[in-house]
Amino acid sequence: MTDYQPMDCDLHDYLEIACLRGYRLNVVLVDGAEFVAKAVTTRTAASKEEFLVMERESEQEGKEQFEVRLDRIRRIEPVDSGADFGVIEF
């Protein structure tokens, strides 16, 4: 059993837009951690947990993909100019 809490569909739509447009997002997690990375896609695990797949580039590793469980996200904000939305609070 998992403690995953599904996200409201309206909020999920913003993540889908970010992925389709390849936006770089400033992401704030519920634990206060914050980072900027490119939205790539979303993924649903067999356990029904949903994840945002993101990509960032580091000098040592090059491009690195990682996942963030959706219920761990508190806020997203596109850093790219001309984005279709602004700050979204989860």
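Brief remarks follow.
- Under 14 Å, Cβ to Cβ, from S58 - net charge with Lys/Arg +1 and Asp/Glu -1: -2
- Where GluC sites (Glu not before Pro) in DSSP loops with at most 14 other Cβ within 10 Å are excluded, longest remaining stretch of the chain: 1-58
- Annotation note: trypsin sites (Lys or Arg not before Pro) in region 36-90 located in DSSP loop regions with a Cβ neighbour count of at most 10 within 10 Å are K48.
- Sequence-separation-based contact order of the chain, relative, with Cα cut under 8 Å and 6+ spacing, percent: 28
- Expected-Rg normalisation [2.2 N^0.38 Å, Cα atoms] applied to the chain: 1.05
Just so you know, all these numbers are worked out from the coordinates, no wet-lab data involved. Here the structure is a predicted model, which is why all the values come from computation and not from measurement. FYI the Cβ positions are ideal-geometry reconstructions off the backbone, even for glycines, and counts take in every protein chain you see.
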